[in-house]
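Just below is one structure, and these are the notes that go with it.
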Amino acid sequence: MAPSDDNPPNEQIGPEIAALSDVLLGVARGDFGVRANRDFTGSPTDVLAFLVNSMAEEVGDLVRQLHEERQELQRTRDQLLLAAKLTSLGELAAGVAHELNQPLTAIHMLVELLTARPNATIAESHGDLETLSEAARRMGRIVDSVRMFGRAAPLKMVPLAAPAAVQAALALLSEGLERQGVHAELRVEPALPKVMGDADRLQQVFINLLTNARDALSELPGQTPPELIIEIRSERDRVVYSFTDNGPGIPETIAQRIFDPFFTTKSVGIGMGLGLSLSHGIVREHAGVLRHEPAQPRGSRFIVELPKVGVSCRFGT
Ligand SMILES: Nc1ncnc2c1ncn2[C@@H]1O[C@H](COP(=O)(O)OP(=O)(O)O)[C@@H](O)[C@H]1O
Ligand SMILES: [Mg+2]
C-alpha cells in the first residue's frame, strides 16, 4: 500500500527503523555482527543506518580489544602469582627442611630402638609403631602442603573446612616461627561452617600473612615477647580470619599503599612487595574482603572475610 499524507511514515519507514533497532539490540546483547541494509541514497534513514552500522562495528572492535587486554592482564597476573610463589617457596625451603627434620629424627630414634629389641612382639612394640606412623603421617602432611603450594592450577572453588588452608600454611611456617621465639596461637571457634574456596590460593594468602607477621615480629625490641594470634570465627554469612601480631605496626602514611603491587619496606632480596596485592586479588576472586587495621595496644591485624558455603555470590571476578 502506498503511503498517504494522513497515514504517513509507519509503513514506509517501519522496516528501516526495525532494521536499525535490530542492530542496536544486537549490540546490547553482545552480537556486533548485525547490520542494517542501506540503499545509499543519502536519505536521513540511509545516513542513520550508516551511523548505526559504524557504531556497531566500532563497539565490536572496542569490546574485542578490551577482551584481549583482559586476557593479557590475566596472563600477567598468573605469571606474577607464580613468581611470588617461587619466591616464597625459596623463603620457605629452610623452614620446610626443619619441619621435616623433627619427625625424621623421631623415626630414626624409634627405628634404632626397635632394632635393638629384635625379639619384642608386635604387641609390645605397638606404642612405638604408632608414634612411628604418626611421624610418617606428619611428614606426608608437610610434603602435601609444599606440593599444594607449588601448583599453578586454575581456580577451583570447592567447599572447604574453614581452618584447612590456615592449617596447611601453618604446617610450613610454625617451626620457623617457633625458632624465632614467636608465640603463635590458633583459636578456632567450634562448629564453623565451610567456606567456598580454592585451597591452593587460600593457602598462599595465609602464607603471605604469616610471613609478613613473622618479618614484622623479627624487628621487635628484645623485651617484648613476639606474639601472633590467629582467630577464625563465624559472623553472619561469612567466616572471618584475623591475624594479629604485636609487631611495630604500620604507620598511617604507609598503610594506604601496602596493597599496591611492588610496594615494600623490606630490603632488596627480602621483599618483592607482591604478597598483599596478590592476596587481595585472590580474596576478591573468592568474593571476600582482605583488610588491615591497627592492633591494640600495638601491632597489625589483617582480616580475611570469606562467604560461607551456600551464600550466593559471584566468584572469580
Ligand atoms: N604484619 C605486618 N606488620 C607490619 N608491616 C606489614 C605487615 N604486613 C605487611 N606489612 C607492610 O606491607 C608491605 C607490603 O607487604 P607485601 O605486599 O607482603 O610485600 P613484602 O612482604 O614483599 O614487603 C611490607 O613491606 C610491610 O611494610
Ligand atoms: Mg609479604
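The values are calculated or read from the model by the stated rules, or taken from the named source; none is laboratory data. The structure displayed is predicted, hence computed values, not measured ones. With ideal geometry, Cβ positions are generated from the backbone for all residues, glycine too; neighbour counts draw on all protein chains shown. What goes into the accessible areas is simple: the full protein's heavy atoms, side chains included, and nothing from ligands, DNA or RNA. Shrake-Rupley method; radii C 1.70, N 1.55, O 1.52, S 1.80 Å.
If I filter the range 178-189 for residues that are without any contact (Cβ under 8 Å) to a residue 60 or more places away in the chain, within 15 Å of residue 230 (Cβ to Cβ) and touching a Phe, Trp or Tyr at 6+ places or on another chain (Cβ under 9 Å), do I get at least one hit?
Scanning the range 178-189, I find no residue that is without any contact (Cβ under 8 Å) to a residue 60 or more places away in the chain, within 15 Å of residue 230 (Cβ to Cβ) and touching a Phe, Trp or Tyr at 6+ places or on another chain (Cβ under 9 Å), so the answer is no.
To keep it simple, each residue is scored yes or no on (1) within 15 Å of the chain's Cα centre (by Cα); (2) modelled with pLDDT under 90; (3) within 16 Å of ligand 2 (Cβ to nearest atom); (4) surrounded by 17 or more Cβ atoms within 10 Å (Cβ to Cβ).
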position: 152; (1), (2), (3), (4): yes, yes, no, no
position: 160; (1), (2), (3), (4): yes, no, no, yes
position: 210; (1), (2), (3), (4): yes, no, yes, yes
position: 268; (1), (2), (3), (4): no, yes, yes, no
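Tell me, please, whether a residue that is under 19 Å from residue 275 (Cα atoms) and without any contact (Cβ under 8 Å) to a residue 40 or more places away in the chain can be found in the range 88-111.
There is at least one residue in the range 88-111 that is under 19 Å from residue 275 (Cα atoms) and without any contact (Cβ under 8 Å) to a residue 40 or more places away in the chain.
This table checks each residue for (1) outside the structural domain of residue 177 (by TED's automatic domain parsing); (2) of a type in the set (Ser, Thr, Tyr); (3) in a strand (DSSP E or B); (4) closer than 18 Å to residue 294 by Cβ.
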residue: 215; (1), (2), (3), (4): no, no, no, yes
residue: 222; (1), (2), (3), (4): no, no, no, no
residue: 225; (1), (2), (3), (4): no, no, no, no
residue: 229; (1), (2), (3), (4): no, no, yes, yes
residue: 234; (1), (2), (3), (4): no, yes, yes, no
residue: 239; (1), (2), (3), (4): no, no, yes, no
residue: 244; (1), (2), (3), (4): no, yes, yes, yes
residue: 249; (1), (2), (3), (4): no, no, no, yes
residue: 254; (1), (2), (3), (4): no, no, no, yes
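Does residue 302 satisfy being within 13 Å of ligand 2 (Cβ to nearest atom) and assigned to a loop (DSSP other than H, G, I, E, B)?
When the stated conditions are applied, residue 302 does not pass them.
Restricting to the range 299-317, name every residue that is at pLDDT 85 or above and among the aliphatic types (A, V, I, L, M).
Scanning the range 299-317 gives 303, 304, 306, 309.
When residue 287 is evaluated against the numbered criteria (1) more than 12 Å from ligand 1 (Cβ to nearest atom); (2) out of contact with any His (no Cβ under 6 Å at 6 or more places or on another chain); (3) outside any loop (DSSP other than H, G, I, E, B); (4) open to solvent by less than 30 Å² (accessible area, probe 1.4 Å), which criterion, by number, is the only one it fails?
Every listed condition holds for residue 287 apart from (3).
Do you know which residues across the range 273-299 are within 16 Å of ligand 2 (Cβ to nearest atom), out of contact with any Phe, Trp or Tyr (no Cβ under 8 Å at 6 or more places or on another chain) and polar (S, T, N, Q)?
Passing the criteria: only 279.
Report, by residue number, each residue of the range 219-265 that is exposed (fewer than 12 other Cβ atoms within 10 Å of the Cβ) and modelled with pLDDT under 90.
Within the range 219-265, 219, 221, 222, 223, 262 meet the criteria.
Would you check if residue 169 is touching a residue at least 40 places away in the same chain (Cβ under 8 Å), under 23 Å from residue 102 (Cα atoms), assigned by TED's automatic domain parsing to the domain that holds residue 312 and in contact with a Leu (Cβ under 6 Å, 6 or more places away or on another chain)?
Answer is yes for this residue.
Assess whether residue 185 counts as being part of a strand (DSSP E or B) and open to solvent by 30 Å² or more (accessible area, probe 1.4 Å).
Criteria met by residue 185.
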